[in-house]
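Below is one structure, written out as structure tokens, with a few remarks after it.
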Amino acid sequence: MKATPLSNCERRFLLRAIEERKRLDGRQCYDYRNVRVSFGADYGCCIVELGKTRVLAQVSCELVPPKPNRPTEGILFFNLELSPMAAPGFEPGRQSELLVRLNRLIERCLRNSKCIDTESLCVVAGEKVWQIRLDLHLLNHDGNIIDAASIAGIVALCHFRRPDVSVQGEEVTVYTPEERDPVPLSIHHMPICVSFAFFQQGTYLLVDPSEREECVMDGLLVIAMNKHQEICTIQSSGGVMLVKDQVLRCSKITAVKVAEITELIQKALENDQKVRKEGGKFGFAESIPNQKITAFKMESAAVDTNNVEEQAEEIITKADPPSEVFAKPILHTPGTAQIGEGIENSWGELEESEREEAAEEEAESEAAAFECQKMDTEDTSMMEETKKDEPIVLSDSEEEEVVVLEPQVLPRKTRAQTNLKQENTSKKTFNKRRKKKRAAP
């Protein structure tokens, strides 16, 4: 899925705002977004938030054979992944041009700057060394991925602890954290990247561009520097020709931003180490502020159960006496009444619609009773006439035999029962005639 491009109206609006020295999030041109660092339960795991851009960093290690050309140095491996969870424009399992450029820049920032002492990672020269692997996962993309990734990477490396080892002859023993305290990595300095976006062929400059600002920028300049104002790497991309004064101005801004971020990282590491030593709660779950998830969480309060009976008696004595019982029901609305113990039950007057319905039901019941009485009268008269007339003769012209049915005196029944009896009789007669026809030659 491709990323949604900006429309011409949005592009013109952004460029016009930049010309007026304004930004969508209210920052000034040289302002950096807020940086927030939170650590996981294990060493070497952290999440860095740069505004809404979030990067997860995880450091792991294992013993491997060293490289033939460097038998006394450990191995560093860096990997950055851009998943569709961060932005719909990123495709899984595909090395895009952006991903390749970011990985190369991170390697130049962390490996080529010699910020980690690789010789301290050697266990047995030429046989076993530590391989340190740094995995970076982009969780949410809101611009300036490289800055957030570089901060997350160096924080995770500073926070990581490798297992302690001992060598006796040719035997190498790796101790668990319970047996021996883990050993931190030897880090000389902390290189941090700061990005600058240029617009209108270098006329306007913004620090820490957002995602929308990156879509309309003409060029990008990334400077990696440590707190000693030593430039570790510098990279320029885009079709913008920069002059010496612009690069110097960017380097001065970088020195200020790097000093602030380094101080923030050191404070976060000290606080985490202090909490772990004191045995307090730590991890991602504890770093979430209460206002986001546990807003309705309340602390348990102690309940005093002493002198409960006395307090209850005082409340009862101070309460108003119960109201008197009314002899007549209270009609709150038409068609309702109050029913209670000791009160005479009565219903209020019905409404007009209910009266009409009751009258209609009564008229229907009277009509149904009248029809039933009329049907009974007709049945009785028919039975009396049958008594006076001649017997009923059912004959067939093709048959010589004549069947004579004498009427019987029936008790008074409903019309439905009489009809049922007549149908049964006619069926029996018809069956007898069919049998006789089949029996005749």
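The values are calculated or read from the model by the stated rules, or taken from the named source; none is laboratory data. Since this is a predicted model, take the numbers as computed values, not measurements. Note that we place each Cβ from the backbone using ideal geometry, even for glycine, and neighbour counts take in every protein chain shown. When the accessible area is computed, the model is the full protein with side chains, heavy atoms only, and any ligands, DNA or RNA have been set aside. Shrake-Rupley method; radii C 1.70, N 1.55, O 1.52, S 1.80 Å.
Please give the per residue volume of the convex hull enclosing the alpha carbon atoms of region 51-146, rounded to a whole number of Å³.
Details: hull volume 10.8 nm³, N = 96.
Per-residue hull volume (Cα only) is 113 Å³.
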**Request:** Roll a 1.4 Å probe over the protein chains and send me the accessible area per residue for region 130-277 in Å².
**Result:** 46 Å²
**Fill in**
Simple SL model, points at 7 angstrom along Cα→Cβ for residue 19 and residue 125; separation in nm is 6.6 nm
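Tell me, what % of the accessible area of region 139-260 is carbon and sulfur with a 1.4 angstrom probe? Walk me through the numbers on the way to the answer.
Working: 2590 of 5420 Å².
The C+S portion of the solvent-accessible surface of region 139-260 is 48 percent.
Using Cα pairs under 8 angstrom and six or more residues apart, how large is the relative contact order of region 1-90, in percent?
Values: 70 pairs, mean separation 22.2, N = 90.
Relative CO of region 1-90 lands at 25 percent.
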**Asked** Given region 102-210 reduced to its alpha-carbon atoms as identical point scatterers, what log10 I(q)/I(0) does the Debye formula return at q = 0.11, 0.17, 0.20 Å⁻¹?
**Response** -0.50, -0.91, -1.11
**Prompt:** Cross-link list 52/227; 227/257; 67/114; 52/277; 67/128; 52/252: which exceed 20 angstrom alpha carbon to alpha carbon?
**Reply:** 52/227; 52/277; 52/252
**Message:** For region 128-280, what does the relative contact order come out to in percent, with C-alpha contacts under 8 Å and a separation of six or more?
**Reply:** 18 percent
